[in-house]
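Each value in this text was obtained by applying a stated rule to the coordinates, not by laboratory testing. Since the structure is predicted, the reported quantities are computational estimates derived from the model, not experimental observations. With ideal geometry, Cβ positions are generated from the backbone for all residues, glycine too; neighbour counts draw on all protein chains shown.
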């Protein structure tokens, strides 16, 4: 999977989200394209958009009056994070970076979903065994992805979206309207030479 990111929005119509981002719905695709050109709605009601690195700044903006989440991961650097927004503010975040000197690194902020504690305990135990047995498997990499999955209903490589996805097509902004030519100034009628007024 290498690197990917996605943004999810809940409580706002997909057409409105696409319009705000300058996209339109393209042809159907079976799976989300993590390289950057697909979107679709989960059965949970979350609308997911995949692969554009600019999602992180849009997620917070689009959460005004609704909820949004931003998820990114790189399995080459073995780092991942998820940030959840509501009404334009950050509610929680969870991140993991596989620093060789700190295999148990997990950073959190805010009030995480109730399921977080059990997920953290499960993956932390697997991570401990991995380190003890020198497995070189980073289980905590999955933590932000699985916490996000609790919210959106989507976990990469674990479950496929239930509904058809579609490609995103960039909408070119409409060209500016041509400037109207101002009317020519109207000259006062000429008066006869003998009239002084």
- Query: Fewest to most neighbouring Cβ within 10 Å: what's the order for 6, 141, 116?
  - Reply: 116, 141, 6
- Note on the structure: Quick note on 29, 76, 152, ordering by fewest other C-beta atoms within 10 Å, gives 76, 29, 152
- Query: At 25 °C and 0.890 mPa s, what whole-number value in µm²/s does Stokes-Einstein give for the translational diffusion of region 3-170, with Rh from the Kirkwood sum over Cα pairs?
  - Reply: 150 µm²/s
- Cα centroid separation - region 1-23 against region 92-143, whole Å: 27 Å
- Pull out the extension gain between residue 136 and residue 169, defined as 0.36 nm times the separation in residues minus the alpha carbon to alpha carbon distance; nm, one decimal. 7.9 nm
- Query: Taking the mean number of other Cβ atoms within 10 Å as a proxy for protection, how do you rank 83-92, 39-48 from highest to lowest?
  - Reply: 39-48, 83-92
- Task: Please report 128, 146 as a ranked list, fewest other C-beta atoms within 10 angstrom at the top and most at the bottom.
- Result: 128, 146
